[in-house]
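The values are calculated or read from the model by the stated rules, or taken from the named source; none is laboratory data. This structure is a prediction, so every number in the text was calculated from the model and none was measured. Positions of Cβ are backbone-derived with ideal geometry, glycine not excepted, and every protein chain shown enters the neighbour counts. Accessible surface areas use protein heavy atoms only, side chains included; no ligands, DNA or RNA. Shrake-Rupley method; radii C 1.70, N 1.55, O 1.52, S 1.80 Å.
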Amino acid sequence: MTHPTIQNSPSGVLIVNKHAGVTSHDIVNRIRRLYGTRQVGHTGTLDPMATGVLVVLIGRAAKASEYLSADSKCYRATLRLGLTTDTEDITGAVLTRAEQIPDSDAVMSVLPKFRGKIQQIPPMYSALKVGGKKLVDLARAGVVLERQAREIEIFSLEAQATDQPTDYLLNVKCSGGTYIRTLCADIGHALGCGGVMASLTRTETGGFSLEQAHTLDALEAMTPEERDSLLFSTESLFETNERVLLPAFYEKLCRSGCEIYLKKIKKAFPIGTRLRLCNEDGIFFALGEVREYTEGPAIKAIKTFVLEA
C-alpha cells in the first residue's frame, strides 16, 4: 500500500489503534476535530471494551463504507470459563458461576467444533438492527427477542492456556459478522461451565494490521502534515478488486455516467464483478460494477471518489 500525496483537503484511510473505554463513534468525533472535517466514518464497529484496528475513512473516502465487503478479520481474545453474563462478556450482569472448570485437554477437544462454517445466534447486546431498532437498545430496556442463527466461518481458532486456570488466549480468524463474545459463550456452553469474553483486540481487518495503526495520543501529538502523511489512498480499500485502466475517451464517458461495454475495451468479467476504475495513467477514480445491458455486459461506475478529470 502506498500513501497519497498530501492535499489541503485530507482524504484517505486512517488506521487507528482504538483504546478501551470509548466507542467507535467517539473515535470518529476525535478524528473529525484532528483533521478538520465532518466527513469521517469507520468500518467494523468495536465494542467499548475492545481495542485494536479501527479503519477510519476521511474526506471522500467516507463514501466507500457501503461498498466494502465483510471480509475476514483477526482477533486476539481472552476466554474466561466458569461464568455467564447477560452481555456474554465481563461487563455484564453475572447469570451463573461454575465451581468446576474443565482442564486444558477438554478445552482443546471442543475447539474443532467451532472451526469452519458454523451457525451463530447474534447476541442481544449488539448493534444489529431488528425492526429499525438496535438489539443493544432493546436489551437495555429489558426486551429480549428471539434471533435467527446466521452462518459464519471460523477460518482458524487456536487457544493457549494461561497461568489462570479459567483463562485462555484465543487467536481467531473469522468472517465478517462473527461475534467473538458469542464464540466465547458458545465454547463455555459446550464445556458445560459457561464462558465469557474477558478481553478483545482486533489485530487485522480489510488488509490492515495492528502494526499500521496509530493511537489517538500519538495522532494528537503530531503536526497536521504528519497526520496527513499517514493516510492510505481510498484505492487501498479495494485492493482485492481487479484494476481496469480506461483510455481518456472511455474515462470521460464513465465519469459522465455512461456504461462502458466490455467488448469495446476488450475485457471479460462475470456479471456483478466490482472493479477499480483507473485512468490511462493508472490513477484510481471510481468503483465500477459489471452489469448486463441490452447490447451486452458493461462496466458502470457506482461511486466516484476522485472528481478531477
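Here are the numbers for the structure shown:
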| read-out | value |
| --- | --- |
| Which numbered condition GLU289 misses (of (1) closer than 22 Å to SER11 by Cα; (2) assigned to a strand (DSSP E or B)) | (1) |
| Selection from the range 293-306 of residues that are open to solvent by 80 Å² or more (accessible area, probe 1.4 Å) and either in contact (Cβ under 8 Å) with a residue 60 or more places away in the chain or in contact with a strand residue (DSSP E or B) (Cβ under 8 Å, 6 or more places away or on another chain) (or both) | GLU295 |
| ASN17 vs. criteria in a helix (DSSP H, G or I), open to solvent by 40 Å² or more (accessible area, probe 1.4 Å) and modelled with pLDDT of 95 or more | no |
| Within the range 234-263, considering residues that are of a type in the set (Lys, Arg) and surrounded by fewer than 16 Cβ atoms within 10 Å (Cβ to Cβ), the one farthest from THR43 (Cα to Cα) | LYS263 |
| Residue that is nearest to the chain's Cα centre (by Cα), among those in the range 186-212 that are open to solvent by less than 20 Å² (accessible area, probe 1.4 Å) and of a type in the set (A, V, I, L, M, F, W, C) | PHE208 |
| Which listed residue, of LEU245, LEU230, LEU277, LEU262, is touching a Pro at 6+ places or on another chain (Cβ under 7 Å) and either modelled with pLDDT of 95 or more or of a type in the set (Val, Ile, Thr) (or both) | LEU262 |
| Subset tally (residues that are surrounded by 14 or more Cβ atoms within 10 Å (Cβ to Cβ) and either modelled with pLDDT under 90 or under 14 Å from LEU237 (Cβ atoms) (or both)) for the range 20-46 | 4 |
| Selection count, the range 252-281, where residues are part of a loop (DSSP other than H, G, I, E, B) and either without any contact (Cβ under 8 Å) to a residue 40 or more places away in the chain or touching a helix residue (DSSP H, G or I) at 6+ places or on another chain (Cβ under 9 Å) (or both) | 17 |
| Every pair of residues 6+ apart whose Cβ atoms lie under 6 Å, when the first sits in the range 162-189 and is closer than 21 Å to MET124 by Cβ and in contact (Cβ under 8 Å) with a residue 24 or more places away in the chain while the second is of a type in the set (A, V, I, L, M, F, W, C) and open to solvent by 50 Å² or more (accessible area, probe 1.4 Å) | GLY176/ALA70; GLY177/ALA70 |
| Which listed residue, of ALA93, ALA20, ALA64, ALA50, is under 30 Å from LEU275 (Cβ atoms) and not aromatic (Phe, Trp, Tyr) | ALA64 |
| Where a residue in the range 198-224 is at positive phi and its partner, wherever it lies, is of a type in the set (D, E, K, R) and at pLDDT below 95, with Cβ under 8 Å and at least six apart | GLY206/ASP71; GLY207/ASP71; GLY207/GLU239 |
| Elements of type strands (runs of 3 or more DSSP E) contained in the range 64-174, each with 3 or more residues being at pLDDT 95 or above and open to solvent by 40 Å² or more (accessible area, probe 1.4 Å) | 94-97, 150-161, 167-174 |
